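One structure is given here, and the rest of the page talks about it.
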Amino acid sequence: MKNHEPRSSSSCAACKLLKRRCTPNCIFAPYFCSDEPTKFAKVHKVFGASNVSKILAEVPEEQREDTVNSLAFEAEARLRDPVYGCIGAIALLQRKTVELQHDLTIARARLALYAATSSSSSSSIILDDHVSMAPFPSVPGCDGLAYSFGQSSSDLSRYGPLNDFGHGPYIS
Amino acid sequence: MISGRCAACKYLRRRCPSDCIFSLYFPPNDPQRFACVHRIYGASNVGKMLQQLPPPLRAQAADTLYFEARCRIEDPVYGCVGIISQLHEQVQSAESELAKAQAEIAFLNCNPQEAPAPIEANSNFNNLLPEQYLCPPSAQNSWF
């Protein structure tokens, strides 16, 4: 006679998807609640449960939540953009930074011009847009990154709530 | 034409068929490339992802998968999301500075006799990304 163990009524999303018993020390359970089934589904689709388990086992327990959230973000990005994944977001942000650097340099040059001419005669100030700018330093390995994509520089929302990562624990 | 097994089939210790999905993007002279990708995504997932794409886009996809896998190996907690967070903060900081500078210019345009306050260049864009995140071992080819 088979000994049927009672099913856990609190299986995590991972064990539900994998159709297995959720043990008390399940590595996924703290981070993949049963009320968020799509989160694990996406991570599993891109990385695979086994690989996620290995990654989580590698990191200290106190950093596993951040790890899961970053994996979920990457999985979401990859599913939305199967060719570029997160790299699309990086390229857009780099391009935006270049544009802002350019605009900021021009603005500072204008302000410097104001400062230089404010003590001289009060005749009309001619602002020359063709100011010389320091060349933007290239990042090794990323020379073509910012300019290889046709997306608009403002189309970052497709990569999910980036604001959640701007102030979160992701940057120490 | 690639003779012999591709890096994937060598790693997986199997015969490399003529229509191997990996062979064009994981050449045998760069075994580390497939090893990284396999470690993070698994060969099966990578194969499925490549299969779902039109052939002209597969090379790009393989490159980005490799990049993300390397980021994840180097930073198991944040992977390339750490880079996105840093860039996002830099963009926000730059936008804020630009807004201040433009407001000052607008003010001076209306009040040309006022002297502008000295500008402090307190944001440094010279170090966009930590080199550890982006400099691959063989940086002779552009990523994209």
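Restricting attention to the range B:5-28 and to residues that are free of Cβ contacts under 8 Å to residues at least 12 places away in the same chain and either touching a helix residue (DSSP H, G or I) at 6+ places or on another chain (Cβ under 8 Å) or at negative phi (or both), the residue that is most open to solvent (accessible area, probe 1.4 Å) turns out to be B:R15. Residue count for the range A:85-142 satisfying the condition of being modelled with pLDDT of 50 or more, part of a loop (DSSP other than H, G, I, E, B) and under 23 Å from B:A61 (Cβ atoms): 1.
Would the range B:114-129 turn up any residue that is farther than 30 Å from A:L113 by Cβ and either modelled with pLDDT of 95 or more or surrounded by fewer than 21 Cβ atoms within 10 Å (Cβ to Cβ) (or both)? The answer is no; no qualifying residue exists. Within the range A:92-110, restricting attention to residues that are more than 7 Å from chain B (Cβ to nearest Cβ) and surrounded by fewer than 24 Cβ atoms within 10 Å (Cβ to Cβ), the residue that is farthest from the chain's Cα centre (by Cα) is A:A109. Among the residues of the range A:18-33, is any of a type in the set (G, A, S), out of contact with any Pro (no Cβ under 6 Å at 6 or more places or on another chain) and open to solvent by 40 Å² or more (accessible area, probe 1.4 Å)? No. Residues that are of a type in the set (S, T, Y) and part of a helix (DSSP H, G or I) within the range B:34-64 comprise B:S44, B:T64, listed in sequence order. Just checking, does the range A:60-70 include any residue being modelled with pLDDT of 95 or more, open to solvent by less than 30 Å² (accessible area, probe 1.4 Å), more than 9 Å from chain B (Cβ to nearest Cβ) and under 17 Å from the mean Cα position of the chain (by Cα)? Yes: one or more hits.
Got at least one residue in the range B:39-50 being surrounded by fewer than 19 Cβ atoms within 10 Å (Cβ to Cβ), touching a residue at least 24 places away in the same chain (Cβ under 8 Å), under 19 Å from A:K54 (Cβ atoms) and within 19 Å of the chain's Cα centre (by Cα)? Yes; the residues of the range B:39-50 include at least one that is surrounded by fewer than 19 Cβ atoms within 10 Å (Cβ to Cβ), touching a residue at least 24 places away in the same chain (Cβ under 8 Å), under 19 Å from A:K54 (Cβ atoms) and within 19 Å of the chain's Cα centre (by Cα). Candidates B:L65, B:L87, B:L98, B:L108: the one that is open to solvent by less than 30 Å² (accessible area, probe 1.4 Å), facing another protein chain (nearest Cβ under 9 Å) and within 24 Å of A:E58 (Cβ to Cβ) is B:L65.
The values are calculated or read from the model by the stated rules, or taken from the named source; none is laboratory data. Predicted, not measured: the structure shown is a model, and the values here were computed from it. Cβ atoms come from the backbone with ideal geometry, glycine included; neighbour counts cover every protein chain shown. Each accessible area value is taken on the protein alone, full model and side chains, heavy atoms only, with ligands, DNA and RNA left out. Shrake-Rupley method; radii C 1.70, N 1.55, O 1.52, S 1.80 Å.
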